[in-house]
Amino acid sequence: MINYKDLGLVNTREMFKKAMEGGYAIPAYNFNNMEQLQAIVAACVETKSPVILQVSKGARNYANKTILRYMAEGAVKYAEELGYKIPIALHLDHGDSFELCKDAIDMGFSSVMIDGSHLPYDENVALTKKVVDYAHQFDVTVEGELGVLAGIEDEVSAEKSTYTKPEEVEDFVSKTGVDSLAISIGTSHGANKFKPEMCTRDENGVLVPPPLRFDILEEVEKRLPGFPIVLHGSSSVPQDLVKIINQYGGNLKDAIGIPEDQLRKAAKSAVCKINIDSDGRLAMTAAIRKYLAEHPEVFDPRKYLGPAREALKELYKHKNINVLGSAGKA
Ligand code: G3H
Ligand code: 13P
Ligand code: ZN
C-alpha cells in the first residue's frame, strides 16, 4: 500500500476550492508515456499551473501500473528540478470497477473517477458510494458521473450521449459523498465530436458546432452551489493540427472539437476540471508525421519524439494560459 502523500502528490480538494473561487479550471491531461508526461509537467511548471495527471484503464494496461507509479513520483521530482513547485494530482480516469479504483488508490493515486454513468441510477449510486467509502479512508478524492458522453476510445465508449438530468444531482452527491461530479452537456470523447451537418458556418466558412448546454450546467450549479463540476471530452481539435496530419499522409475526416471560447466560459463557472486527451494525441501525431516525412533517413526515435514533445508542451501552455485560465495559479 503506497500513500500518494509519500510520493509528493496532492488530492483535488484544495485545487478545486481555489479554482472555484478564482474562476478557472484545473487541466486534467491524460498520459501514458514519458514524452507526454515531460511535456505536461514542463508546460505546467512554465505557466505555474496546478495539474491533474490522468491515467485511463487503457493507459494502465499500456504502460504498466508499477511503471506509472514511478513516473508520477518522477513527475513531482522533475517539477521541483525545473524550479517551481506546483500541485500535482494523479487521477484514475474512467475507473469502471471498485477493484480498479481500489488498486489505483493502493498504488499511490490521489484521486479516482468511478464512471458508473452507463449503469441504472441506483447501481451507479451504490458503486460510487462503495468507492468513496474506500477512498476517503486514505483522503483520496473521488469523481462520479451522471449523464453519458458519446465517443469511442480504447476502454471508454458509448454510441449516444444522454445529457445529465439536473434533478438527479443533489440526490446523487448526498447519497454517494463524491467530491466532484462529471456532467454531460454536449461534449464527447475523441476527435469527431460533431457531424458537419450539426454545425453552422461562420463568415470565413469555418464550421461552428452547436453550443454546449450551459442551461443544464446553470441548473446543476443552482442545485449544488459551490460544488466542483468536471467536463470530459473537452478537446478543441485544432484544425491546423488536423491539416498537418492529413497533409503528411493521415486520414482524419470530419474532425471537430469544442471551441475554446466555450471552454473558457465553462472554466469561469463551477467547472473546476477540464479533461483533454485527444488534442495531445493530435499534436504528437502531427509533429511526428511531419518530421518523418521531411526526414525519411531518420530512425532514432528521439529525433521525432523530441519535436512531438515540444509541440505538446506548447499546446498545453496555450491551454493553461488562454483556455482554462490556470496559468499563474500554482
Ligand atoms: O476519456 C478517455 C480518454 O481519452 C482515455 O482514452 O481509454 O484510449 O486511454 P483511452
Ligand atoms: P477528449 O477526447 O476530448 O480529449 O476527452 C478526454 C477525456 O474526457 C478523458 O477523460
Ligand atoms: Zn473522459
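None of the figures in this text is laboratory data; all of them are computed from the coordinates on show. All figures in this text were calculated on a predicted structure; none of them were measured in a lab. Cβ sites come from the backbone with ideal geometry, for glycine too, and all protein chains shown count toward neighbours.
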(message) Looking at the structure I just gave you, is Val45 under 12 Å from Leu90 (Cβ atoms) and either within 16 Å of ligand 2 (Cβ to nearest atom) or touching a Gly at 6+ places or on another chain (Cβ under 9 Å) (or both)?
(response) no
(message) Kindly evaluate Glu203 against the criterion of being surrounded by fewer than 21 Cβ atoms within 10 Å (Cβ to Cβ), part of a helix (DSSP H, G or I) and away from ligand 2 (no atom under 16 Å from the Cβ).
(response) no
(request) Could you tell me which residue of the stretch 59-83 is surrounded by the fewest Cβ atoms within 10 Å (Cβ to Cβ), considering only residues that are in contact (Cβ under 8 Å) with a residue 24 or more places away in the chain and β-branched (Val, Ile, Thr)? (result) Thr66
(message) Can you tell me how many residues within the stretch 84-97 are buried (at least 24 other Cβ atoms within 10 Å of the Cβ) and either hydroxyl-bearing (Ser, Thr, Tyr) or in a helix (DSSP H, G or I) (or both)?
(response) 0
(message) So, in the stretch 171-200, how many residues would count as being touching a strand residue (DSSP E or B) at 6+ places or on another chain (Cβ under 7 Å), more than 16 Å from ligand 1 (Cβ to nearest atom), part of a loop (DSSP other than H, G, I, E, B) and not acidic (Asp, Glu)?
(response) 3
(message) Looking for something within 16 Å of ligand 2 (Cβ to nearest atom) and of a type in the set (A, V, I, L, M) - is there at least one such residue anywhere in the stretch 11-25?
(response) yes
(message) Being within 23 Å of Tyr134 (Cα to Cα) and β-branched (Val, Ile, Thr) narrows it down to one residue among Ile86, Ile26, Ile67, Ile52; which is it?
(response) Ile52
(message) If I filter the stretch 112-138 down to residues being within 15 Å of ligand 1 (Cβ to nearest atom) and not in a loop (DSSP other than H, G, I, E, B), which single residue comes out as nearest to His91 (Cα to Cα)?
(response) Val112
(request) Can you tell me which residue within the stretch 98-109, out of those that are surrounded by fewer than 24 Cβ atoms within 10 Å (Cβ to Cβ), in contact (Cβ under 8 Å) with a residue 12 or more places away in the chain and not in a strand (DSSP E or B), is nearest to ligand 2 (Cβ to nearest atom)? (result) Leu100
(request) Return the residue satisfying two criteria in turn: it lies in the stretch 257-278 and is among the acidic types (Asp, Glu) and more than 13 Å from ligand 3 (Cβ to nearest atom), and of such residues it is surrounded by the most Cβ atoms within 10 Å (Cβ to Cβ). (result) Glu260
(message) It is to be established whether one or more residues within the stretch 18-25 are assigned to a loop (DSSP other than H, G, I, E, B), surrounded by fewer than 23 Cβ atoms within 10 Å (Cβ to Cβ) and touching a residue at least 12 places away in the same chain (Cβ under 8 Å).
(response) yes
(request) Scan the stretch 227-265 for residues that are among the β-branched types (Val, Ile, Thr) and more than 28 Å from Ile52 (Cα to Cα) and jot them down. (result) Ile244
